[in-house]
Amino acid sequence: MPIGFGVIGCGMIANFHARAIADTRGAKLAACFDSVPAAADRLAAATGCKAYHRLDDLLADPAVQLVTIGTPSGAHMEPAVAAARAGKHVIVEKPLEITLGRCDKIIAACQKAGVVLSTIFPSRFHYSGMEIKRAIDQGRFGRLTVGDAIVKWYRTQQYYDSGAWRGTWQLDGGGALMNQAIHSVDLLTWLMGPVAEVQARTALLAHERIAVEDVALATLQFANGALGIIEASTAIYPGYLKRIEIHGSTGSAIMEEEDIIKWDFAKKTKRDEAVRQQMARRKSTGGGAADPAAIGHHGHARQFQDVVRAIQKGTSPAIDGPEGRRSVEIILAIYKAAETGRPVRLPLASDPSLKARKVGVGGDLKAAK
Ligand SMILES: NC(=O)c1ccc[n+]([C@@H]2O[C@H](COP(=O)([O-])OP(=O)(O)OC[C@H]3O[C@@H](n4cnc5c(N)ncnc54)[C@H](O)[C@@H]3O)[C@@H](O)[C@H]2O)c1
């Protein structure tokens, strides 16, 4: 019997969830729910699943064994906790939540209920990141020296105006970092290891009616001593492909979007030829550089397959709750460092208090500049 999926939050990303579920072996889209009934009805009509207009009704449906959560980022916790309590497995869109306290409540509820929890980071399932990870684990980079994540993207004013939650501290939880660059922050810490200290600056430069940053620059020191930078923006026209750059004393690799574009090691191995062939087959796409809907669903499908496998085998998924929490912690540390102008050490003992978060939605922060 396939695992019945219930989609909670039927907006932009839910369309990708529906396509990914269709491409996942052992999965079936059974039902959906949105707090706006017409949104649930639209997804149900497009996919043939059952639409619910109350969360409790979806959670009471025995045909649903797992939910995917695509509500605004600061509204992930309530449906995730309710689903866990109803005994459903839970897949939550990135970021897991927008504070550590809210992430921890989701993690605790899923642990208590004994259900699988996974945070969506599709980039981890692409060959390029996995190839670099394998080379790091094999010691091919020698001593890791520098790890950079560069996300020079562009979002129109219309994008921010398209949803009341976008660009707010309360529901987006942050700007270019928390919403867009978090995929790269996750990849960077997965590859380079934990971050020990950050220093940062953020600014809101090219958008109106939002409270969050559209430019963020951070320098990092990793726990292994290596240094790095994160550059994140939605204010760089026309938007360029995102890059991850990993350097060490005996090797370097650079990823652009989903492709490896540099692969240079002091000691060659047989596997290098396969990587070079992949590089030659490179298909440049725009990724999400300028258009949030230009992302493809294959990464989601691979991650859903991983979760289905974990449920069937009784193991953990590749990206569980604590893994999803890691990037949120780094981003909150960056916000604190930017606000205070001082270095912030990790791990954080608890959620940092952020003045910007208390200011509120929209114009307040701009007025304060
Ligand atoms: N993995 C990715 O590449 C990716 C890409 C885009 C968005 N996302 C994430 O997906 C989430 C949603 O983003 P989006 O662009 O689809 O937003 P969206 O505004 O298009 O859709 C959100 C939907 O949730 C509904 N909703 C709001 N509150 C709800 C609640 N309490 N219960 C049920 N439904 C509720 C809204 O009515 C809307 O239909 C965000 O967390 C975002 O970070 C991930």
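Read-outs: derived from the displayed coordinates by stated rules, not from any lab. Note that the coordinates shown come from a computational prediction; the quantities given were computed from them, not determined experimentally. Positions of Cβ are generated from backbone atoms using ideal geometry, with glycine treated the same way; all protein chains shown enter the neighbour counts.
Here is the P(r) of region 1-97: all C-alpha pair distances, binned every 10 Å from 0, give 18, 57, 24, 0 in whole percents. Taking G129, G163, G173 in turn, the Gaussian network model of the chain (Cα-Cα springs below 10 Å) assigns the largest fluctuation to G163. Think of the chain as having a plus end and a minus end, set by charges on the Cβ of Lys, Arg, Asp and Glu; of V344, L354, G163, V344 sits farthest toward the positive end of this dipole.
Put simply, the chain fits an ellipsoid with semi-axes of 31, 26, 20 Å; these come from the alpha carbon gyration tensor as the roots of five times its eigenvalues, largest first. Shape of region 193-264 from the C-alpha gyration tensor: oblate (a/c of 1.5 or more and a/b not above b/c, with a ≥ b ≥ c the square roots of its eigenvalues).
One decimal place: the segment A349-T315 gains 9.3 nm when fully extended, by the rule 0.36 nm per residue minus the C-alpha distance.
Among K88/K355; K133/K267; K105/K336, which pairs are too far apart, with a Cα-Cα distance over 25 Å?
K88/K355, as the Cα separations exceed 25 Å there.
Across the alpha-carbon set of region 130-221, the Rg to Rh ratio works out to 1.07, Rh being the Kirkwood radius. Relative contact order for region 245-291: 25 percent, from Cα pairs under 8 Å spaced at least 6 residues apart, divided by residue count. The local environment of Q305, defined by Cβ-Cβ distances under 9 Å, has a net charge of +1 under the rule Lys, Arg +1 and Asp, Glu -1.
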